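Written out below as structure tokens is the structure these notes cover.
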Amino acid sequence: MLYPILLLASFKAVLGHPFAPRAQHVSSTEVAGREYDYVIVGAGTAGLTVADRLSEDGKYTVLVIETGGFYDPSSPSPEGCGYSFPSVPQQDLNNRVVPALVGNCVGGSSAINGMALMRASARDYDLWAELGGKRSTWNWKGIFPYFKKAIHFKEPNATYAASFNLTYDRKAWGTLPNTRVYASFSSSLRPLHRVGYQALRKIAGLAFPQDGSKGTHGVFYYPLSKDPATESRSYARTGHWDGLNRPNYHLVTEARVNKINLQKKRAVSVQFVPADGPGPACTVKAKQEVILSAGALRTPQILQLSGIGPKRLLQSAGIDVVVDLPGVGANFQDHPIGPSITFNWTPPDLPPLPPPNIQLSQGLAAVLSLPLIAPANYRSLAAKYAAQDIASYLPPDTHPTVIRGQRKIQSVFAREMRKPDVSFLNYIVSGVPSAQPIGFHIASRGTVSINATDPESHPVVDYRALSNPLDIDLMVAYLRFLRWHFRTNYAEYSPVEVVPGEHVQSDEALARHVVQGYSPQGWHPVGTAAKMPKEDGGVVDEELVVHGTDNLRVVDASIMPALVAAATQQTVYAIAEKAADIIKSARRHG
């Protein structure tokens, strides 16, 4: 892989006529005033996928505008590919601030976030369809083909696979040449993973599916986004930009979009400025559509800067209201990471632990439902959630349509908490006597909004972590399950709990442990431009068109109405693949 300086030099060498015979990295001045069929905001996981698919037959001109530049993911430092800024103080976390991370390079968050390529269970995606309406095709049946199209799985060595009980279903994955985004199992699994795997085998009723990407969950090895031939990260840039030879596919970097221009609510052009400081604004026209793929934190900000969002917020910032859409920036969710529970072992024959500076590889997960985690009280947890006045746990100025949508989500998930096929706990298994529970579904809802006094600065991010006390109850249940698991299924190693410690027994004491060690930021932000009806606080419709507009779509993680029981990267690829087909179909029938 070329280093950034060499790569930029190679692109600059071919600059000239904007439609020279290859895909091009072009300058702002070259595209200013031009017209493209499609203008895509954001060169991340979704944006590059859509751009590749829309430009592949040569019929349409495509421009992608990216805030960051090129980045070599093999570099030991992610500087230059992402940035973070602090959230508002979190009232229910003792006023701690939490970093909000934004991908900022060609490839976006797929270049710097975790490499896990997980899919949720089929039921999670069916719930999206339920929240969207009776005719929704955003269910498991409707999205599964796009998971296959998005990722090419490379099979492991048979001897290595047998030694770790690695199993997979080839029919769950795509094939070349349909995609150049690769998945493969970790090549650095350790004997300790076998110990963790065998401990989980002792849990009655726990499923061990052949492939955790085929629609069912339990215990499974999940693949990583890497090319096993080179051991390098496989991400949106390597899969959907590098090596393409298309004169109709252009990319502008280091340019920050600050407005989508609408005429009679039809998106007609995109305005952008230099990303690193003051400079002249440039405008590029969109003949067919503007596609917003800036992620769950930047997408709502750009919509709001363009006059699309909650009327009261826009007016407070002095922005003309084009479409009063209260759901923009609401419904913000992320996967929380709970506090550690840790044991000391006295193993008679346990494989040695790695040195402290060696991180155990990813790859093995136990993804579990509430009935399995908390058989004695999952019903009472579900009943408690169902009985809540959900409006009392939302910001006091929440619009009635957003409240209505949250009540709908509440009703759906209070029901699903009682079922065995929707997962709530993610336990990443390393074999070492420690775990941090990851919550897959939460009840608290945050917000992302422009800063009314400085709208183009970083958005105001409020996780509103633990604002709904059900999230504490859930995390306490996860800790109790893990405590039981280590004590019971590692009994031959004489586990002795050291964190939080044997003295921490009551729900109240465990809740204090949760507050002290809880992080609401799991690098999977979603929900801020939810695919739901407008009357339910939704922002985009079933074809991802922004409500009340024409020729403006959102294609990124912000459209997810609820979190999925998986790392979000693979789901975003599938969303983008499906969206590209929707856009092509609209063009054919338009």
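The values are calculated or read from the model by the stated rules, or taken from the named source; none is laboratory data. All of these numbers come straight from a predicted model, not from anything done at the bench. Every residue, glycine among them, receives a Cβ derived from its backbone with ideal geometry; neighbour counts consider all protein chains shown. These accessible areas exclude ligands, DNA and RNA; they are computed on the full protein's heavy atoms, side chains included. Shrake-Rupley method; radii C 1.70, N 1.55, O 1.52, S 1.80 Å.
Under a model in which nothing but the beta-carbon of Lys, Arg (+1) and Asp, Glu (-1) is charged, region 182-327 shows a dipole of about 320 debye around its Cα centre.
Report the calculated FRET efficiency for residue 162 and residue 202 (r = Cβ-Cβ distance, R0 = 30 Å), to the nearest 0.05. So, using R0 = 30 Å, E works out to roughly 0.90.
For region 226-269, the list of trypsin sites (Lys or Arg not before Pro) that fall in a loop by DSSP and count at most 10 other C-beta atoms within 10 angstrom reads 264. For trypsin sites (Lys or Arg not before Pro), the sites in region 48-148 that DSSP calls loop and that have at most 13 other Cβ atoms within 10 Å are 59, 134, 135. Considering only protein heavy atoms, what is the solvent-accessible area of residue 411 at a probe of 1.4 Å, reported in Å² to the nearest 10? Its heavy atoms expose roughly 80 Å² to the probe. Charge dipole of the chain (Cα centre as origin; +1 on each Lys and Arg Cβ, -1 on each Asp and Glu Cβ, all else neutral): 1260 debye, rounded to the nearest 20. Which net charge results when you count Lys and Arg as +1 and Asp and Glu as -1 among the other residues whose beta-carbon is under 11 Å from that of residue 273? That works out to -1. The number of Lys pairs in region 54-198 with C-alpha atoms less than 26 Å apart, excluding pairs fewer than 8 positions apart on the same chain, is 10.
Taking label points 7 Å from Cα along the Cα-to-Cβ direction, residue 419 and residue 584 give a separation of 3.2 nm. Rolling a 1.4 Å probe over the heavy atoms of the protein chains gives region 190-239 an accessible area of 36 Å² per residue. Charged neighbours of residue 441, selected by a Cβ distance under 15 Å, balance to -1 (K, R count +1; D, E count -1).
When both bridge partners sit in the chain, DSSP labels roughly 60% of those beta bridges antiparallel. About its Cα centre, region 476-590 has a charge dipole of approximately 240 debye under the convention of +1 per Lys or Arg Cβ and -1 per Asp or Glu Cβ, with nothing else charged. Counting only residues at least eight positions apart within a chain, or on another chain, the aspartates and glutamates with an alpha carbon under 13 Å from that of residue 584 are 37, 52, 56, 57, 289, 543. Estimated from helices alone, the mean residue ellipticity of the chain at 222 nm is -8500 deg cm²/dmol (sum of -39500 (n - 2.57) over DSSP H runs with n ≥ 4, per residue). Scaled to the globular estimate 2.2 N^0.38 Å, the Cα spread of the chain, given as radius of gyration, is 0.95. On the beta carbon distance between residue 411 and residue 135, with R0 = 22 Å, the FRET formula returns roughly 0.65. Against the chain, whose longest principal axis is taken from its Cα atoms, helix 507-517 shows a tilt of about 40°. The residues of region 359-440 expose, per residue, 40 Å² of accessible area to a 1.4 Å probe. For the chain, 282 have no disulfide-compatible partner, since no other Cys C-beta lies under 4.7 Å from theirs. In this structure region 270-330 gives 35 Å² per residue of accessible area when probed at 1.4 Å with all protein chains present.
Compared with the alpha-carbon gap, the fully stretched path from residue 231 to residue 384 is longer by 50.4 nm at 0.36 nm per residue. Picking from 26, 439, 411, whose Cα lies most toward the positive end of the charge dipole for the chain (charges on Cβ: Lys, Arg +1; Asp, Glu -1)? Projecting each Cα onto the dipole axis, the largest value belongs to 411. By the rule of a C-alpha distance below 22 Å, with chain neighbours fewer than 8 residues away ignored, the lysines paired with residue 311 are 259, 264, 265, 531, 534. Cβ-Cβ distance of residue 171 and residue 484, R₀ of 45 Å, FRET efficiency by 1/(1 + (r/R0)^6): the value works out to about 0.80.
The GluC sites (Glu not before Pro) found in region 442-539 that occupy coil by DSSP, while having at most 10 further C-beta atoms within 10 Å, are 502. Computed over protein heavy atoms with a 1.4 Å probe, the carbon and sulfur contribution to the accessible area of the chain reaches 53%.
Here's the picture: charge each Lys and Arg Cβ at +1 and each Asp and Glu Cβ at -1 in the chain, and of 449, 381, 143 the one pushed furthest to the positive end of that dipole is 143.
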